[in-house]
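Quick note: the coordinates plus some simple rules give every number you see, no bench work behind them. Nothing here was measured: the structure is a model prediction, and the numbers come from that model.
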């Protein structure tokens with residue numbers, strides 16, 4: 001298959017045909033049976049940003065908060081799934097979870113943004129796909145990010161550090177296959193519960209953005225993205241775009 005694809009693209013070029021753009025599904029479901037789960041007010045802004053990035057960078061974006069999009073036939077249309085500020089129960093039933101798992105195990109791409117790490121908190125496969133499970137965060141505040149992989153497209157536009165303000169997410173059940181891109185500095189962070197978790201698990205920093213390659217596919221997660229205004233911030237947009245293009249294997 002890897003040898004066939006370039007031939008198909010060359011043939012399409014020779015015939016004057018444009019190669020089809022990769023298509024992604026942006027998924028935003030937030031649900032708890034009691035209706036008390038936290039729903040971010042940034043969802044519309046995140047979807048608008050992703051559609052803009054897609055239009056400007058050669059990928060097509062569909063968006064939904066309906067779990068019935070998780071069918072075998074429908075997911076065949078997508079090169080990647082982007083869980084953007086989803087939270088709590090992402091799926092309605094185990095049949096939908098099984099479709100998601102088969103898609104990922106078959107090499108499908110995955111991107112998680114901010115509270116996506118709070119989705120499916122009772123399902124280990126989802127934690128492993130995203131890279132971890134949301135534990136908690138201290139109050140929103142400024143902090144410094146260390147760029148640990150400046151060659152990754154999600155951080156290539158940054159310097160050695162990035163001054164940012166956000167909710168500093170702590171995740172647990174971290175996937176050991178992750179490669180950390182950005183780590184937030186714990187020093188100076190206002191958090192009275194810091195000693196409880198994460199403590200000194202990673203020294204004076206904690207991972208906040210990473211990538212994973214497994215099952216033949218690519219996964220990217222960023223914990224950043226709480227405020228509506230962030231989705232129009234150029235550095236944040238480039239950060240998310242770099243992660244998406246890396247998952248899609250598209251060079252920027």
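With Cα atoms defining each centre, the stretch 185-252 and the stretch 49-81 are spaced 21 Å apart in the structure. Please label the shape of the stretch 149-252 as rounded, prolate or oblate, based on the square roots a ≥ b ≥ c of the eigenvalues of the alpha-carbon gyration tensor (a/c under 1.5 means rounded; beyond that, a/b larger than b/c means prolate, else oblate). Verdict is oblate for the stretch 149-252.
Could you work out how much longer the chain between residue 98 and residue 65 gets when fully extended? Use 0.36 nm per residue separation minus the Cα distance between them, nm to one decimal.
On the way: separation 33, 0.36 × 33 = 11.88 nm, distance 1.79 nm.
That works out to 10.1 nm of additional length.
Using only DSSP helix segments of four residues or longer, with each worth -39500 (n - 2.57), what per-residue ellipticity at 222 nm results for the chain after dividing by its residue count and rounding to 500? Show your work: numbers first, answer last.
On the way: 6 runs with 64 residues, N = 252.
When only DSSP H runs of four or more count, the value is -7500 deg cm²/dmol.
Of the beta bridges DSSP finds with both residues in the stretch 19-248, what % are antiparallel, to the nearest 5? Of all bridge pairs located within the stretch 19-248, approximately 55 percent are antiparallel. Based on C-alpha pairs under 8 angstrom that are at least 6 apart in sequence, the stretch 19-248 has a relative contact order of 21 percent.
Against the chain, whose longest principal axis comes from its Cα atoms, helix 4-14 is set at around 60 degrees. Along its three principal directions, the equivalent ellipsoid of the stretch 48-122 from the Cα gyration tensor extends over semi-axes of 20, 16, 11 Å, largest first. Against the main long axis of the alpha-carbon atoms of the chain, helix 43-57 sits at an angle near 40°. Compare 160, 183, 63 in a GNM of the chain, Cα atoms joined below 10 Å, and give the one with the largest fluctuation. Largest GNM mean-square fluctuation: 160.
Give the shape of the stretch 118-171 as rounded, prolate or oblate, defined through the alpha-carbon gyration tensor: a ≥ b ≥ c are the square roots of its eigenvalues, a/c under 1.5 means rounded, and otherwise the shape is prolate if a/b is larger than b/c and oblate if not. Oblate is the answer for the stretch 118-171, as a/c is 1.5 or above yet b/c matches or exceeds a/b.
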